[in-house]
Amino acid sequence: MEAKRSRLAIIPARGGSKRIAEKNIRPFAGVPILHRTIQLAESSGLFDAIEVSTDSQKIAQVAAVAGRRPASLRPAELATDEVGLADVIAFEVERCERDGRRFDELWMILACAPLIVASDLVHAANLLSDSRQDVAVISVCEYPVPIEWALRVDHNGELSASSPEAAALPAHELPRALHDAGGFIGYHWGAARDVVAN
C-alpha cells in the first residue's frame with residue numbers, strides 16, 4: 001500500500017485587482033470568496049498545510065477569520081499585474097525550503113474559483129499521484145463550441161472566420177478543445193522546484 005502523500009495548498013490572493021476591486025474577499029454565497037476556497041481545500045481532506053499567500057494586510061485579516069492568517073506577507077514586487085503564477089510558486093517553494101519544510105506535492109488553488117468542489121481536487125490528486133514526476137495537473141473546461149468556429153473582428157469592424165476551412169464543418173468532425181479553467185494546479189514537489197530553477 002502506497003504511503004500517504006504530503007501536500008501543501010497555497011491560495012494566492014493579491015490585493016491589487018484592477019478589474020474587480022478586492023475580488024478575493026468579496027462576498028460569495030454569504031461569505032468572503034476566499035473563505036469559500038479555504039473551506040474547499042479543508043473539506044477535500046487532501047492537504048497537510050493550507051496557506052494564503054497575499055501582499056495585503058486586509059486579505060490577511062480576512063484569512064485569519066477563517067483560521068488561515070499568513071505567517072508573513074508576500075513582497076510587493078510579487079503582487080503586480082505582471083507577476084504570473086510561476087513567480088508565486090517559485091517564491092513559496094523557496095520559502096518552504098528555507099524553513100526546512102518539504103512536501104510531496106504543491107497545489108495552487110485560486111481564490112476566485114468558488115464553483116470547484118472537493119471531488120474535483122480529489123480526482124486531480126489521484127491523477128497526479130499516478131503520473132510521472134515531471135507532470136502537473138490543472139483544472140480545465142471544454143469550449144462550448146469548437147474553437148475553429150471563432151470569428152475575428154478587423155480594424156473596420158468586419159467579422160471573418162478565424163479558420164475558414166473549418167468554419168463550415170459540423171462540431172462532431174472537429175477535435176475536442178479545452179482551456180485552463182483558472183481553478184487549480186498541482187505539482188509534484190520536484191516539478192514545482194523546477195519552476196524555481198527556470
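Since every read-out is calculated from the coordinates, none of them should be taken as a lab result. Quantities reported herein were computed from a predicted structural model and do not represent experimental measurements. Reconstructed Cβ throughout: ideal geometry from the backbone, glycine too, with neighbour counts over all protein chains shown.
A straight Cα-to-Cα reach below 17 Å connects LYS4 with the aspartates and glutamates GLU42, ASP48, ASP104, GLU105, ASP130, residues fewer than 8 places away in its own chain not being considered.
Once backbone amide H atoms are built at 1.01 Å from N, ALA49 has ARG7, ALA9 as its partners under 5 Å, excluding neighbours fewer than 5 places away on the same chain.
Note on region 1-51: with charges restricted to the Cβ of Lys and Arg (+1) and Asp and Glu (-1), its dipole about the Cα centre is near 320 debye. Charged side chains reduced to their Cβ positions (Lys and Arg at +1, Asp and Glu at -1) give region 47-184 a dipole of some 600 debye around its Cα centre. Projecting the Cα atoms of GLY45, ALA166, CYS141 onto the dipole axis of the chain, where Lys and Arg carry +1 and Asp and Glu carry -1 at the beta carbon, places GLY45 farthest toward the positive end.
The phi-based Karplus calculation (6.51 cos²θ - 1.76 cosθ + 1.60; θ = phi - 60°) puts the 3J(HN,Hα) values of region 169-177 at 6, x, 4, 5, 9, 10, x, 5, 10 Hz, whole numbers, x for Gly and Pro. Counting only the backbone N, which residues of region 97-140 are under 19 Å from the spot 7 Å out from the Cα of ARG19 toward its beta-carbon? Inside the label zone: 109-116, 139-140. Straight-line reach from LYS23: taking Cα to Cα under 19 Å and skipping same-chain neighbours fewer than 8 places apart, the aspartates and glutamates in range are GLU51, ASP55, ASP81, GLU82.
Estimated from helices alone, the mean residue ellipticity of the chain at 222 nm is -9000 deg cm²/dmol (sum of -39500 (n - 2.57) over DSSP H runs with n ≥ 4, per residue). For region 114-185 versus region 71-107, the inter-centroid distance based on Cα atoms is 27 Å.
Ordering of 161-167, 70-76 by packing is 70-76, 161-167, highest average first (other Cβ atoms within 10 Å, averaged per residue).
Counting only DSSP beta bridges with both residues in the chain, tell me the antiparallel percent, nearest 5.
Close to 65 percent.
Against the main long axis of the alpha-carbon atoms of the chain, helix 118-129 sits at an angle near 90°.
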